[in-house]
Amino acid sequence: MADLATFEFGDLTALFINCTLERSPQISHTERLMRVSMEIMEKQGVKVDYFRAVDFAIAPGMEGDMRESGYDRDDWPALFERVRSADIVVIGSPIWLGEQSSICTLVIERLYALSAEVNDKGQYLYYDKVGGCIVTGNEDGAKNVSKYLLYALQHIGFTIPPQADAYWVGPAGPGPSYGDDSPDGPIGHDNDFTQQFVTFSSWNMMHMASMLKKTGGIPAYGNVQEAWENGERFGHPYY
C-alpha cells in the first residue's frame with residue numbers, strides 16, 4: 001500500500017454543488033454527506049468550494065446567459081466561473097420519486113448548455129475535469145440518480161474515476177434522514193457502506209484529478225471538434 005505522504009493534492013480545486021430543494025439556512029441532509037467528502041479533500045490540501053444551487057436565481061434554458069433570452073436575472077454565468085476553475089466537480093442531490101431533484105436537472109442542463117466551449121487545447125471545456133456525485137434520500141433510487149449524473153457528466157466531457165458515487169438511503173417511506181439525531185448518534189454516520197464509498201470516491205476523484213494535471217490531461221488528438229470540422233478524421237475507416 002502506498003504511503004499517504006507520497007500524495008500531494010494542494011494544487012487541486014474541488015467544487016461541490018448541492019442540489020437540495022432546501023434554501024439556506026435550512027438543514028440539507030445531502031449537504032451533511034457532501035461535507036464528509038469535502039473534509040476528506042480539505043485534509044489533503046484541496047481547495048474546496050461549495051454552493052447550494054437553490055440559493056441562486058438560475059434560469060432554465062440552454063444558453064450560457066439566459067438574460068439574453070429574456071430573463072431578468074440569471075446567476076448561472078457567475079456560478080459557472082466557479083465550475084470553470086475547478087479540477088473536480090461533485091454534484092449532490094436528494095431523491096424524489098426515485099429521481100434526482102428538479103434543481104439537479106436544471107444544473108445539469110446549464111452545464112450542458114456550455115459544454116461546446118473549448119479548453120486551451122481545443123477540446124471540449126470539461127475535458128481534464130473530474131466528476132462525481134453524492135445522493136441521499138428516504139427511498140429507493142440512489143443508483144438510478146447516480147447513473148443519471150455520472151452518465152451526464154461523462155457525456156459532456158468530465159472524466160469519471162472508479163466508484164465516483166456515494167449515497168445513503170434510509171428505510172422506504174417517511175423516516176429519519178442522513179445526519180438526523182438518534183439515541184445512537186447521527187443517522188448514517190455508522191453506516192459502513194456509505195462511509196466507505198464516500199471515502200473511496202473522494203480519494204478516487206483526487207487521484208484522477210492529480211493524474212490528469214501531472215500528465216497534461218487527455219491528449220488532444222482524436223477528440224478536437226475544430227480538427228474534425230476542418231476535415232481531419234483521425235483514422236476513421238469510412239472517410
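The values are calculated or read from the model by the stated rules, or taken from the named source; none is laboratory data. Owing to the predicted nature of the structure, the values given are computational and were not obtained by experimental measurement. Here the Cβ is made from the backbone with ideal geometry for all residues, glycine too, and neighbour counts use every protein chain on show.
Just one of the listed residues (Tyr71, Tyr50) is farther than 23 Å from Gln196 by Cα and among the hydroxyl-bearing types (Ser, Thr, Tyr), namely Tyr71.
Given Asp140, Asp184, Asp165, which one is of a type in the set (D, E, K, R), without any contact (Cβ under 8 Å) to a residue 40 or more places away in the chain and in contact with a Gly (Cβ under 9 Å, 6 or more places away or on another chain)? Break it down into steps so the answer makes sense when it comes.
Values: Asp140 fails: without any contact (Cβ under 8 Å) to a residue 40 or more places away in the chain; Asp184 fails: in contact with a Gly (Cβ under 9 Å, 6 or more places away or on another chain).
Within the list Asp140, Asp184, Asp165, the selection yields Asp165.
In this structure, is Ile103 in contact with a Lys or Arg (Cβ under 9 Å, 6 or more places away or on another chain) and part of a helix (DSSP H, G or I)? So Ile103 passes the test. Those strands (runs of 3 or more DSSP E) of segment 1-97 that lie entirely within it include none in which at least 2 residues are surrounded by 16 or more Cβ atoms within 10 Å (Cβ to Cβ) and modelled with pLDDT under 95. Looking at segment 43-91, which of its residues are among the basic types (Lys, Arg) and closer than 29 Å to Met211 by Cα? Result: Lys43, Lys47, Arg52, Arg82, Arg84. A search for C-beta distances below 7 Å between a residue of segment 218-239 that is more than 17 Å from Asn119 (Cα to Cα) and free of Cβ contacts under 8 Å to residues at least 60 places away in the same chain and any residue that is assigned to a loop (DSSP other than H, G, I, E, B) and of a type in the set (D, E, K, R), counting only pairs 6+ apart in sequence or on different chains, returns Tyr239/Arg233. Number of residues in segment 133-186 that are under 17 Å from the mean Cα position of the chain (by Cα) and part of a strand (DSSP E or B) equals 9. Figure legend. Inter-residue proximity from segment 113-124: first residues over 20 Å from Glu232 (Cβ atoms) and in contact (Cβ under 8 Å) with a residue 12 or more places away in the chain, second residues in a loop (DSSP other than H, G, I, E, B) and aromatic (Phe, Trp, Tyr), beta-carbon distance below 7 Å, spacing 6+ or different chains. Indicated pairs: Ser115/Tyr126.
Answer yes or no as to whether Gly131 is touching a residue at least 12 places away in the same chain (Cβ under 8 Å), in contact with a helix residue (DSSP H, G or I) (Cβ under 7 Å, 6 or more places away or on another chain) and over 29 Å from Gly45 (Cα atoms).
Details: touching a residue at least 12 places away in the same chain (Cβ under 8 Å): yes; in contact with a helix residue (DSSP H, G or I) (Cβ under 7 Å, 6 or more places away or on another chain): yes; over 29 Å from Gly45 (Cα atoms): no.
No; evaluated as a whole, the condition is false for this residue.
Hey, does segment 183-206 have a residue that's at pLDDT 90 or above, in contact with a helix residue (DSSP H, G or I) (Cβ under 7 Å, 6 or more places away or on another chain), surrounded by fewer than 16 Cβ atoms within 10 Å (Cβ to Cβ) and more than 17 Å from Ser93 (Cβ to Cβ)? Scanning segment 183-206, I find at least one residue that is at pLDDT 90 or above, in contact with a helix residue (DSSP H, G or I) (Cβ under 7 Å, 6 or more places away or on another chain), surrounded by fewer than 16 Cβ atoms within 10 Å (Cβ to Cβ) and more than 17 Å from Ser93 (Cβ to Cβ), so the answer is yes. Residues that are in a loop (DSSP other than H, G, I, E, B), farther than 20 Å from Ile160 by Cα and under 24 Å from the mean Cα position of the chain (by Cα) within segment 188-232 comprise Gly188, His189, Asn191, listed in sequence order. Residues in segment 142-157 that are more than 18 Å from Met62 (Cβ to Cβ) and surrounded by 21 or more Cβ atoms within 10 Å (Cβ to Cβ): Ala142, Val145, Ser146, Leu149.
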